[in-house]
Each structure stands twice: as structure tokens, then as C-alpha cells.
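Only one structure is covered here, and it is reproduced in the block below.
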Amino acid sequence: MLMATLALLLPLAMQAAELPVRPVELAGMQASKQGALLLDVRTPEEYRDGHIAGALNIPVDQVAARHGVLGAGHDREVIVYCKSGKRAARAQQTLQSLGYRNVRLLEGSMQTWQAEQRPVVREDAPADGNTKRSHD
């Protein structure tokens, strides 16, 4: 009986871990200093133009090679975002293939975050004036 109950609940628990994080939920997590790692997988230029406070920037094409800099155990919650969600979904798949078990997407990614007028951090452009951009 116990095994049957566990067999039914395990898929539900796994689905919950896969559900996207709503922007309001992320804002609440940040306010309460909860320990999720926030990963921005856009280009460095896009990141400088505006990112969510506390986000680490690793472009999607570098996630596999640089996942060690996350400094996170494979059980730690990682929330991934980009501009619209396409690159974030690729990064989520990459991280899961590397053994990360709690990787979630930010619902609507940066587009929704900004549409809801949530705060972003902007950084100065590099001195070399490099303005190359890549978008979803």
C-alpha cells in the first residue's frame, strides 16, 4: 500500500519541480532571501542592458562548459531565464542532462518580468563599445 502511494506521488512531486516560477513568486523568494540560484542565459550585452538582481550570467551556449561556476549542488533550486524562454528551456535541458534535479524556468522570462514593471539592474557598457546583440 505504501509503495503504491509513493508511486502515485512521485510523478506529482517531479511535475511540481518542473512548473515554471511566476514572477510574483520569484519576487517573494528574493524578498525572503530564499536560496534559489537565478541564472540568466542571455548574452553579456543583454545582461548589461538589464537583468534581475542577483542573477548569474552564463550564455546558453556556455552552460554545459561552465556549469561548475554555479557553485550549486545538484539538488539546489536553479531558476533559469532569458528574453522569451527559448534559450532558458535549452539551458534547463542541459542542466538536467548534467544531473541538476531542481531546474525551473521563470514564467514568461524577462519579457514578463519587465511587462510587470519589476526592477532590473543595468550595468555600464564595456569601454571597447562592443554592442553585438543576440536575441531569442
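The values are calculated or read from the model by the stated rules, or taken from the named source; none is laboratory data. It should be emphasised that the depicted structure is a prediction, and the values quoted were computed from it without experimental measurement. So basically every Cβ, Gly included, is an ideal-geometry build from the backbone, and we count neighbours across all protein chains shown. Keep in mind that these areas ignore ligands, DNA and RNA; they rest on the heavy atoms of the full protein, side chains included. Shrake-Rupley method; radii C 1.70, N 1.55, O 1.52, S 1.80 Å.
Observations, loosely collected:
- Heavy-atom accessible surface of the range 47-130: percent carbon and sulfur, 1.4 Å: 46
- Per residue value of the accessible surface for the range 48-127 (all protein chains in place, 1.4 Å probe), Å²: 52
- Amide H within-cut-off set for residue 56, under 5 Å, with H built and near neighbours excluded: 38, 39, 40
- For the range 71-121, the Rg and Dmax computed from alpha carbons only, in angstrom: 11.9, 34
- Phi to ³J(HN,Hα) by Karplus 6.51 cos²θ - 1.76 cosθ + 1.60 over the range 37-44, Hz, x for Gly, Pro: 8, 9, 10, 9, 9, 7, 5, x
- Ranked by solvent-accessible area (1.4 Å probe, protein heavy atoms only, all chains present), the residues 100, 47 order from largest to smallest as 47, 100.
- Each residue of the range 89-103 was assigned a 3J(HN,Hα) from its phi angle through the Karplus curve 6.51 cos²θ - 1.76 cosθ + 1.60 (θ = phi - 60°); the sequence is 5, 4, 5, 4, 4, 4, 4, 5, 5, 8, x, 6, 9, 9, 10 Hz, with glycine and proline shown as x.
- Interchain or long-range residues, amide H under 5 Å from residue 21's placed H: 105, 106, 107
- Cβ-placed point charges (K, R +1; D, E -1), dipole of the range 29-106 about Cα centre in debye, nearest 20: 140
- Cut-off under 5 Å, modelled amide H: who pairs with residue 78 long-range: 37, 102, 103, 104
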